[in-house]
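Peer 1: Before I ask anything, here is the structure I am working with.
Quick note: the coordinates plus some simple rules give every number you see, no bench work behind them. Since we're looking at a predicted model, the values are computed, not measured. Glycine gets a Cβ as well: all are built from the backbone with ideal geometry, and neighbour counts include every protein chain shown.
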Amino acid sequence: MERKYTTMPSMVVSDKEKNDEWCLQVLEAITSYMSVSEGHYKSSRVNDVRNYQIYNGVLNQADYTYITEQYGLAYPARLVNYPIITPKIDLLVGEEIRRPLDMKVTTVNKEAVVRKYDHKIELTMKSLLDEFHAEVKEKMHIDIRQQGDGMPVPEDIDTYMKYNYREMVEETAQDGLEYVVNRYNLKDVFREGFRDLLITSKEFYKTGIRNGDPHARRIDPRSIIYDTSMHSDYLDDAQWVGEERWLSVNEINDEFKDSLTKEDLIDLDSMRNIYNGGDHDYNQSFNWVETGQGKETRIRVVSAEWKSLRAIKFKVSENKYDENRPFRKMVKDTYKKRKGDVIETKWVDDVWEATYIGGKILVSAQRRSNQVRSVDDPGKTPLSYVGCIKGNTTGAPVSLVGLLDNIQMLYNIVIYQIELAMARSGGKAVVYDVSQLPTNLGMDMQTVLYHLKTDGIIPINSKDEGNQVNSFNQFQQIDFTLSQSVQQLINLKMMLEEMAGNISGVTRQREGAVGQYEMVGNVQRSVVQSATITESWFYSHAETKQRVLERLCNLMKVAWAGGKKAGMILGDGAYKFLNVMPDIALQDFGIYVGDAGKDDSMKQVVQQMAQASLQSGAIDLLGVIKVLKADTMTEAEKVLEQGMDEMKKQQQAAMEQQMQAQQAGAQQEQAKFEQEAQLQQMDNEAKMKIAEMNNQTKMQIAEMQADTNRDINDANEINSKTNKAADMFISEEEKEKEDGEKAKGAGIKATSTSSSQEQLMKAAQKV
């Protein structure tokens, strides 16, 4: 089919001019770039095809004819591919498989950054306020803490904000990204992409929305063309990208059924019945249909995306409240300017897409839906294609296969030469003159060879006619065994193996081929050096993964704008529920992908440290198990950090307990000293009191003695007086008796008795 267009149209046109004809011009320009035999894409694709053949062990016999043939005749040896490249690529792919996909989602828009900064300030103020409250409570015994002010404050706010603080929207986006990775098995997709990178120095992916979810698929580097004017190793800066696929009619119907008309379906059926007698070959000129005997017809499908510019018009009006901030209202592109109107025009990225089927059918020519725009910079939007062209900035991308291509050829040639030498080997032979056959003995050559084999002799008849006895020296020995050249070829083979390891960075030590007498330190240094050489490949791949994951994470804003609920099974068999809220569309997300190579080596060191820490008591057995099971360095670091923090807390508690014990001991000693001093003082006071009491007692005893003496004297005096009164009473009584005897009447006697008693009382009173 003759092309109408071979160059790109203008991207600065109105929406009215962006019609099917404009899209068709873009697609035909891209397909023309694909078809130019001397073009960049054609030569790059030929190299990529060759590299895949080398990796898969497919030999191009034409590359070796100068060795295998001479003068039109082939040597008696086989040319077989002995892969020296494939094991090295497979080893690097295996290392990539073992590296965990350590990804962390964070919000990067200005509003989110301000929120995080405000939260940090809040925590800092809360920490200062807590210190003030504690001081007031300690000194004044008053708790002035307000109710509801119980938000915990981490000990190290900077570390907490750097590693641990996560907004709810970040946690949701993290869960969403893990869901996409597990749901669509993106780890296998990235693995194949890394293999593409090692083979062709390119890896490509296309992001989009499938079944309502963000999705990414790998693209064969042999089927993609891009804007070569970009000065970057990554496809993000490309202005256009085209992709070629060969699909069956059924596959085309399934994918584009909503866009195909009845006439399009008829054209597809007509293409199905075309027979051009040849199969599609990447190395041949392009056509639009491939078919072959007994094979399903496939049709060439070219899809493309490109960036154009779209004019956004704003009507500017005065703001009477702030003249420096006028009002801007977006108007349609067809808005007709009136007198006095101030119209501003801003240009933004606008991505378009279209698909060309069989060189005849144009479908999906439209402004691309689901364009992701930044919250902070809505004028920018990327293509859905993400990829890496390692070495593009230098102008000469070279893959790992390309670096080892010549060594692989030499290696095959050396093996071929060794096989050729073995084919030529025949041991030692004898040169035998047939004129010396003892025909007179009835012996022919077979009989002579029999005796040579069984008896070890060669019989001849020197007297036979024609024999010249005097000059007989016809028997000579020729050596057809393997010569020293074979050993030289083997040495050359080993040299090529060593050279391939040094160039690629995958040495025999890294492959596990360690010599018996090699020192452990030398082996370790060799492995470290080899890892340094290959790290650039892992870095480019990690950067590409990060860009893909970031694109998928921001696609959530479009795919899950109305929310998303789903369940997902984690790697350890646990079940996690995904609940995405609509506010996810208001954020911009960035992805951090850990340096798996550095983390892996560091993780090994950390694991060794963890085992040593177990012995020292820094962490417990459970912590060691968590470190050994950790997929990333970050997880292992967190476990160790928690263990160290716990150890520090225990040590601090032990120190505080020890200080408290020391303080208690000192207090006890002080109390004991004070008690002894108090007891001594009390003893002294008691002794003084006792002495004082003794003195008082003595004085009291003296006073009591004096009083006793006076009492004794008084008693004696009273006793004396009593005796005198008794004596007087007795004498008076005796006198009364005498007088009674004289009186004879009873009355007189009673009176006398009473009178005598009164006299006695009177006497006593006197006394």
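Peer 1: Can you list the chymotrypsin sites (Phe, Trp or Tyr not before Pro) in segment 22-116 that are in a DSSP coil and have 15 or fewer other beta carbons within 10 angstrom? The partial results should precede the final answer.
Peer 2: Details: sites: Trp22, Tyr33, Tyr41, Tyr52, Tyr55, Tyr64, Tyr66, Tyr71; in loops: Tyr71.
Sites meeting the loop and neighbour criteria: Tyr71.
Peer 1: Could I have the simple spin-label model distance between Ala134 and Gln61, label points 7 Å from Cα toward Cβ, reported in nm to one decimal?
Peer 2: Distance between label points: 8.5 nm.
Peer 1: If the label point is 7 Å along Cα→Cβ of Glu692, which residues in segment 655-682 have backbone nitrogen under 19 Å from it?
Peer 2: 678-682
Peer 1: Now, a different point. Can you check how the C-alpha radius of gyration of segment 92-213 compares to 2.2 N^0.38 Å, as a plain ratio? Working shown, then result.
Peer 2: On the way: Rg = 23.1 Å, N = 122, 2.2 N^0.38 = 13.7 Å.
With N residues counted in segment 92-213, Rg over 2.2 N^0.38 Å equals 1.69.
Peer 1: Specify the inter-centroid distance of segment 233-250 and segment 77-127, based on alpha-carbon positions, in whole Å.
Peer 2: What the calculation gives is 25 Å, centre to centre.
Peer 1: Shifting gears a bit: Which length gain, in nm to one decimal place, applies between Glu296 and Asn185 when the Cα-Cα distance is subtracted from 0.36 nm times their residue separation?
Peer 2: Values: separation 111, 0.36 × 111 = 39.96 nm, distance 2.97 nm.
Between Glu296 and Asn185, full extension yields an extra 37.0 nm.
Peer 1: Another one. Counting only other residues whose beta carbon sits under 13 Å from that of Glu550, what net charge do I get with K and R as +1, D and E as -1? Walk me through the numbers on the way to the answer.
Peer 2: On the way: positive: Lys104, Lys545, Arg547, Arg551, Lys557; negative: Asp236, Glu543, Asp588.
With Lys, Arg at +1 and Asp, Glu at -1, the net is +2.
Peer 1: Ordered by packing density, taken as the mean number of other Cβ atoms within 10 Å over each peptide's residues, highest first, how do 650-661, 349-360 rank?
Peer 2: Details: 650-661: 10.3, 349-360: 20.6.
Ranked by mean Cβ neighbours within 10 Å, highest first: 349-360, 650-661.
Peer 1: Using 7 Å Cα-to-Cβ label points, what is the Lys724/Tyr321 separation (nm, one decimal)?
Peer 2: Result: 13.2 nm between the two label points.
Peer 1: Express in nm, to one decimal, how much length is gained between Met699 and Glu122 on full extension, taking 0.36 nm for each residue of separation and deducting their alpha carbon distance. Walk me through the intermediate numbers first.
Peer 2: Details: separation 577, 0.36 × 577 = 207.72 nm, distance 8.25 nm.
Contour length minus Cα-Cα distance gives 199.5 nm.
Peer 1: Tell me, what is the FRET efficiency for Lys16 and Leu265 to the nearest 0.05, using R0 = 35 angstrom and their Cβ-Cβ distance as r?
Peer 2: Values: r = 30 Å, r/R0 = 0.86.
Between Lys16 and Leu265 the formula returns 0.70.
Peer 1: Which entries of Lys104/Lys576; Lys104/Lys648; Lys206/Lys565; Lys139/Lys672; Lys110/Lys206 have Cα-Cα distances beyond 22 Å here? List each step's numbers first, then the result.
Peer 2: Values: Lys104/Lys576 17 Å; Lys104/Lys648 29 Å; Lys206/Lys565 25 Å; Lys139/Lys672 29 Å; Lys110/Lys206 28 Å.
Pairs exceeding the cut-off: Lys104/Lys648; Lys206/Lys565; Lys139/Lys672; Lys110/Lys206.
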